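The block underneath contains the structure these notes are about, expressed in C-alpha cells.
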Amino acid sequence: MYRAILFDLDGTLTASAEGITKSVQYALHKLGIEEPDLYKLEAFIGPPLLEQFIEAYGLDEAAAWQAVGHYRDRYAQQGIYENHPYQGIGELLKELKERGYILGVASSKPIVYVRQILEHFHLLSYFTVVEGSQMDGSRTSKGEVIQEALRKLCMEEQREQVVMVGDRRHDVLGAREAGIDCVAVSYGYGSTQELEQAGPVMIAPTIEGLRRFFL
C-alpha cells in the first residue's frame, strides 16, 4: 500500500504548454531558428531542457546553454504564468492529504520555478517535499530528482510505499531507476503509446481516474 505520492508538475498538476512552447520558440528565434509549430515544441515539456535542445535541434552544448538562457529570459517573466492547474487537481490533493497520504512534487524543472508556480496557484501547502533541478544543470534527470525527494522524506528504505505520478515516459523510467512504482496520466503531454511502452503500473485517463485509483 502506498503512503507517499510524488507528482510531476507540467502535464500532471498544471497545463503549462503555452508558456513552455512559446518560451522555447523565443529561444530558438534568438538563435536564428524559426519554428512556427508550437505543437511540435510540446516535446520540450517534461524532459530536461538542455538535453532536448541538443536532441531536437542538433545544437552543440554551448549553443544549447545559450538557448536555455534565452528560454529562461522569457519564461521567468511571462511563460511561467501562461499556465493553469488542471480542473479538479486542487480538490484531489486536498482529499489525498486528508486521507493521510504524504504528498510531494518531483519535477525536472528548476526548483525555483516549481515552488513559484505551486505558490502562485495556492498548491504549495499540500506538499511535504518539493524537488526539482538546479539552475546550473545539475540534478536534471527524473531519477535523480526522485532520489532526492525520497531522501528528504526519509523513505529510501520504504520505496515500495512511494509512487510517482507523471505524464511522460521520463517519469516512468525515472521512477523505475529510483526503485519506485509509477502511475501515468494520459491527460497530459505524453501519448498513450509512449506511456504504454514505458510500462507504468497503470494509466489514468483523467483526474477522476487518479482519484479512484488512490481513494
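Of the candidates Val201, Val165, Val183, the single residue that is among the aliphatic types (A, V, I, L, M), over 17 Å from Glu42 (Cα atoms) and touching a residue at least 40 places away in the same chain (Cβ under 8 Å) is Val165.
Sub-9 Å Cβ pairs linking a first residue in the range 78-97 that is within 22 Å of Val162 (Cβ to Cβ) to a second residue that is of a type in the set (D, E, K, R) and surrounded by fewer than 18 Cβ atoms within 10 Å (Cβ to Cβ), at least 6 apart or interchain, are Leu92/Glu208; Leu92/Arg211; Glu95/Arg211; Leu96/Arg211, ordered by first then second residue.
Of the numbered criteria (1) in contact with an Asp or Glu (Cβ under 7 Å, 6 or more places away or on another chain); (2) assigned to a helix (DSSP H, G or I), the one Glu194 fails is (1).
Please specify each residue of the range 119-139 satisfying the condition of being free of Cβ contacts under 8 Å to residues at least 24 places away in the same chain and in a helix (DSSP H, G or I).
We begin by selecting, within the range 119-139, every residue free of Cβ contacts under 8 Å to residues at least 24 places away in the same chain; these are 119, 124-125, 136, 138-139.
Once the filter is applied, which keeps residues that are free of Cβ contacts under 8 Å to residues at least 24 places away in the same chain and in a helix (DSSP H, G or I), the range 119-139 yields Glu119, Leu124, Ser125.
Only a single criterion out of (1) outside the structural domain of Pro205 (by TED's automatic domain parsing); (2) surrounded by fewer than 20 Cβ atoms within 10 Å (Cβ to Cβ) is not satisfied by Ser125, namely (1).
The values are calculated or read from the model by the stated rules, or taken from the named source; none is laboratory data. Here the structure is a predicted model, which is why all the values come from computation and not from measurement. So basically every Cβ, Gly included, is an ideal-geometry build from the backbone, and we count neighbours across all protein chains shown.
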